[in-house]
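The values are calculated or read from the model by the stated rules, or taken from the named source; none is laboratory data. The structure presented is a predicted model; accordingly, all values stated were derived computationally and were not measured. Virtual Cβ from ideal backbone geometry, glycine too; neighbours counted across all protein chains shown.
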Amino acid sequence: MTDVDGNVKNPADPPAPRADPSTMTISMFAVASVISNDTSSLWKYLHSFGALLFACVQNYAFFLIVVRASFPTCTSMTECPSGTFCTNTATSSLPTCYDCASIELFTNLNATTAEEVCPAELGTNKWENREYLEFDHKELWMKPDTNSTLQKCISFLHCNANDMDADNNFEGKCDYIALNKSKMDGGTWLLVIFFAVLWALPIIQNVKEAATEERVMDHHLTESLNTPAEIVRLALRIRRCMIPFWATAATLVLMITNVITAKHIILNFFCIIFLIKADNIAAVLFLGPRQQELIEKTSKEADSEKTAKEADSEKTDDTDAVWLWARVQGLFCVVILVIALAFIDTMVTDCNGLQNFADASLAAPSFLILVVGQGVYRGCAKKYEETTCVRILSGLIEFFRNLLAYSLPVIFNVVLLMICGDTTLVIQLVSYFLVSIVCLLIVIGIGTCKSKCGTRPNNE
C-alpha cells in the first residue's frame, strides 16, 4: 500500500492523523487535484467542473428557496397565503399563488363583471351564499390545464372575501407579509438578532475557506496558465462572493413567508446554515482517505513553502486581510438581513414583488458592493514588488472575474427554470450568456496587459 507521495506504507504503522473535517471541502479537493503533478488532465477537468457544478447547485438551492417561497405551488385557493390566489401562468408548469392585485389581469373580472358572469357558473344557491363558501379542493381542484370561467369566478370571489385591500381594488399591501410582520414584538426582534449573529459564523467560515483555498492554489500556480485551476477559481468566487448574499435573501424570504414564531425562526436559520455548510458536508460524505491525504499534503506544502519564502524575502502575508474581509462580509449580511426585515412590509406592497426584492434589491446590490470593494482594495493595496500598473490591472481583473462568477450561476438557474417549464426566460439567458463571454474576454485581455507591465526591479 502506498500513500499519495508514492511511499510504501507498513500496514502495522498507525494511521496518519486526519485534518479536521470542517476544513475539508469539495472545492479544496479540486484545488489539490488541479495543482498536483500526479493527476491526469482529464481528471483535473472533471474535478474542476465538478467543483463549479457543486457551487452552482448550492447557489441554486438558495435561489429556489426564494422562488418557491415567493410563488408557492398550489392545488386550491385555500392553500395560498393570505392576499393571494391560485392560478396557472406561463412561468411555471404548476399552478402558483399570485397577489390578488393581479386578479383582473388573470381573470378579466372586476366587481361589476363578476356580478354578470359568475351567478350562472356557480349556481344561484352558491352565489347567494358565496360569503360562506370555502374554495378548497371540493369546489375547485387546480391542475396545470385548469382554465375555465368557473376557475376565474372562484379566484375573484376568493380574493374578494379574503384580501385586506378588497375595498381598494386589491392594492395597498401584501397581506401575509403585513400580517407576519405585525406579529413581531421586542422579544421576537431580540431572538432574530441573536440568531442572525450566530448565523453569520458559517458565512464567515465559508468565505474564509474559499479565500484560503484560492491562496493555496495561487501559491502553487505562481502565475502559470492552468485552465482547470481557473475553473476552480470561479467555483471559489461563487462560494466567497455570491452564496453569502443569496443565503441572506433566502433567510429573509423564509422568515417573512412563515408565521414568525420562535420555533420557525430557529428552524429557518438552521436550515440555511445547513445549506451554507453543504460543501463541507459533501466532502465528509464523499472524499475517501486518499483524497483527504492529498488535501493535507497540498495544505502542508503551501504552509511550509510560504513560511520559507517569507523568511527569505521578508514579504508580508495577507492573512489579516482575509480574516477582516470574512468578518466584514458576514456582519454585513447580518445588517442587511435585519434592515430588510424591518422595512419589508413597506418595500414590498405587492406579493409578486417579493422575489424581485430579495434578488434584485437585496442580494445583487450587496454582491456589487462587495466586488467593487474587493477590486478597489486589490488595486490600492501594495503587494510585494508590484508596480502601480499591475495593481490597477489586478483590481480590474478581480472585478470582472467576480462578474463572470456571478453570471455562471445565473445562467445555471435560468436553464433549470426553463427545463421546469418557464418559457419566458430566453432573452434573459442570452443576455447573461453574452455578459459571461464579455467578462471572460475582458479578463483575458487585462491579464495579457498585466503580463506586459512587469514588476519593479529588485534593486528599487
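Data overview
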read-out	value
Those residues of segment 53-82 which are β-branched (Val, Ile, Thr) and under 30 Å from Val232 (Cβ atoms), in sequence order	Val57, Ile65, Val66, Val67
Candidates Ser155, Ser93, filtered to the one that is part of a loop (DSSP other than H, G, I, E, B), of a type in the set (Gly, Ala, Ser) and either under 36 Å from the mean Cα position of the chain (by Cα) or surrounded by fewer than 20 Cβ atoms within 10 Å (Cβ to Cβ) (or both)	Ser93
From the options Gln355, Gln329, Gln374, residue that is assigned by TED's automatic domain parsing to the domain that holds Leu198, modelled with pLDDT under 90 and surrounded by 18 or more Cβ atoms within 10 Å (Cβ to Cβ)	Gln374
Output for segment 400-433, where each listed residue is assigned to a helix (DSSP H, G or I), exposed (fewer than 15 other Cβ atoms within 10 Å of the Cβ) and at pLDDT below 90	Ile419, Val426, Ile427
Criterion (over 23 Å from the mean Cα position of the chain (by Cα) and crowded, with 16+ Cβ neighbours inside 10 Å) met by exactly one of Ser41, Ser82, Ser70	Ser82
Test for Asp163: is it in the same structural domain as Ala229 (by TED's automatic domain parsing), closer than 22 Å to Ile256 by Cα and among the acidic types (Asp, Glu)	no
Within segment 187-211, tally of residues that are surrounded by fewer than 17 Cβ atoms within 10 Å (Cβ to Cβ) and either more than 19 Å from Thr346 (Cα to Cα) or among the hydroxyl-bearing types (Ser, Thr, Tyr) (or both)	8
Filter result for the condition that a residue is surrounded by 19 or more Cβ atoms within 10 Å (Cβ to Cβ), in contact (Cβ under 8 Å) with a residue 60 or more places away in the chain, charged (D, E, K, R) and under 18 Å from Pro72 (Cα atoms), over Asp175, Asp136	Asp175
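Each row is one residue, and each column tells you yes or no for (1) of a type in the set (Val, Ile, Thr); (2) farther than 25 Å from Ala340 by Cα.
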| position | (1), (2) |
| --- | --- |
| Val117 | yes, yes |
| Glu131 | no, yes |
| Ile177 | yes, no |
| Ser182 | no, no |
| Gly187 | no, no |
| Gln205 | no, no |
